[in-house]
1. Could you tell me the calculated FRET efficiency between residue 122 and residue 330, based on Cβ-Cβ distance and R0 = 60 angstrom, to the nearest 0.05?
2. Residue 440 to residue 407: extension gain in nm, 0.36 nm per residue of separation minus the Cα-Cα distance?
3. Please work out the Cα convex hull volume for region 83-198 and give it in Å³ per residue.
4. Calculate one ³J(HN,Hα) per residue across region 232-248 by plugging θ = phi - 60° into the Karplus curve 6.51 cos²θ - 1.76 cosθ + 1.60, and present them in order as whole Hz with x for glycine and proline.
5. Quick one: the Cα spread of region 86-128 along its three principal axes, in angstroms, biggest first?
6. If I model a spin label at residue 177 and residue 101 as a point 7 Å from the Cα along the Cα→Cβ vector, what separation in nanometres do I get?
7. Determine the order of 382, 84, 281 by accessible area, beginning with the largest, at a probe radius of 1.4 Å.
8. Counting only Cα, what are the radius of gyration and maximum Cα-Cα distance Dmax of region 324-400, in Å?
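The values are calculated or read from the model by the stated rules, or taken from the named source; none is laboratory data. These figures come from a predicted structure and were not determined experimentally. All Cβ positions, glycine included, derive from the backbone under ideal geometry; neighbour counts span all protein chains shown. The area values use the complete protein model at the heavy-atom level, side chains included, leaving out ligands, DNA and RNA. Shrake-Rupley method; radii C 1.70, N 1.55, O 1.52, S 1.80 Å.
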Amino acid sequence: MAGAIIENMSTKKLVIVGVILLLFQVFSFLVGGLIAPSPTTAIHYLAMKCVDARKVQQSKWFMPWGPNQCNKIRDFDEAMVRMIEANDIVFAVHIPLPNKEMSPWFQFMLVIMQFDIAFKVVNQIEDGAEVTIDVGLAYRDDSVSEWTEMAHSIEKRKLSCNFTTSKTYENEGRYYECDLLPFMELGSVAHKYYLLNIRLPVSERKRVNVGIGEIKDIRLVGIHQNGGFTKVWFAMKTFLTPSILIIMVWYWRRITLMTRPPVLLEKVIFALGISMTFINIPVEWFSVGFNWTWMLLFGDIRQGIFYAMLLSFWIIFCGEHLMDQTERNRFAVYWKQVGPIVFGSFCLFIFDMCERGVQLKNPFYSIWASDVGTELAMAFIIVAGICACLYFLFLCFMVFQVFRNISGKRTSLPAMSKARRLHYEGLIFRFKFLMLVTLACAAMTVIFFIISQVNEGHWHWGDYTLQVNSAFFTGIYGMWNLYVFAIMFLYAPSHKRYGDEQSNGDLGVNSGEDIQLTTTITHLDGPTEIYKMTGKEAQE
């Protein structure tokens, strides 16, 4: 067997390859840190109070400003003076702010709601109070066209407010401290202008919007992806897709040219390349020209498949080099380790479908809107973070076992000739270095996964918000591509063979030394000498 490139390439060339990959890794961080802006932007909106004089709900759209602006009131005191009922008041929010336009480059739009509620002794917030919201969403692409309805729903949101001072008449007019509430999420931003009309219908008989305190204002926070970050992200995907695709085709061509069938490790490396290509393909370019609201969900599915493949690869990569493997080259051996990874990925998919799947039809739906949904979502984030940490610890334990296995096999090295011993010591050093790089990549992946999960629910953490720099996103994404590229390149079969330049007499001695270190259970061949060296039983 010719062996893999990681074994037969000269140290000088390997160092050059390593330096080039390192430079690309630094460049991927610099792209996010120096070129791309912040991943997201948050814009604050204050809802204007419009009066529906005709008292016909959703009979027309109310604009907070502009040439066709609605009949507005400053506050509810004015409404009482003018004898305007609460059911006649419409809170109107135009997105974006005046003289601005939304863009498909923003990719998504998340809107968060907060109520300004004043304390009043005779109108306090009851325990477990819920706000019923009658909300409509419309869009248009110029400043003169009629508004087109996009969605309409009646939603309920539970208030979670605290009054930090004593509830006395002296403190009337002070505001409650209320948590942010999930309001709306759009999977695409295909139109230039959006209009939200929000009503708070009141019914004493049905106990609708009763016991919710004295609402003074409604504030919204619109969060969308920065267009500049989107362009940098698309450019990286467009550049990396052919790079991984070319190395993947080249790798599998070299595998198929061998006389033996590919082993499990080589198949898993190829599958890893396929999953990396799948997440790389820049289908997001189409979202700029088409109103594909399912792109967020599709992106999550692609991310989940890659996570499952990457985590499974690391388990199999380590497992195939463990001395206590009695049945190598069989995927069924790893069902206890890979099974939980697949199950966890499936749970991620179900969780995503429960929210973003429903949001395809109703953008105002949120799993965080109910107590049960909030508890489940919080528990999911916490459990996912704990499982990710446990996985990393388990991977560290497997790497430790691999290192211990290799150290045990090194006892055979002193019996070899000096040249052969130095050759195997060099192979061991290269493999150990690759394993340490794998651990570093795994650690960064786990950190990225946890931060991503926390960041998605950042509005729920109250005052504790998490800002993730663009360099972190581009750096981790670049790291995954470079790692997959390196694995396929280094584990591709080499056209050279160690010992080709040795004399026939030397080769005769070396062949006996090879037999001492080579293990076989189902076949004599493997991808690398280290792979064969770390088997359980030595070939006599």
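1. The pair residue 122/residue 330 has a calculated efficiency of 0.20.
2. Full-extension gain reported as 9.7 nm.
3. On the way: hull volume 17.5 nm³, N = 116.
Measuring per residue, one finds 151 Å³ for the Cα hull of region 83-198.
4. 5, 5, 5, 5, 5, 4, 5, 6, 7, 4, x, 4, 6, 5, 5, 5, 5
5. 48, 24, 16
6. Here the modelled spin labels are 4.3 nm apart.
7. On the way: 382 95, 84 30, 281 70 Å².
Listed by decreasing accessible area, they come as 382, 281, 84.
8. Reported Rg and Dmax, both Å: 17.3, 54.
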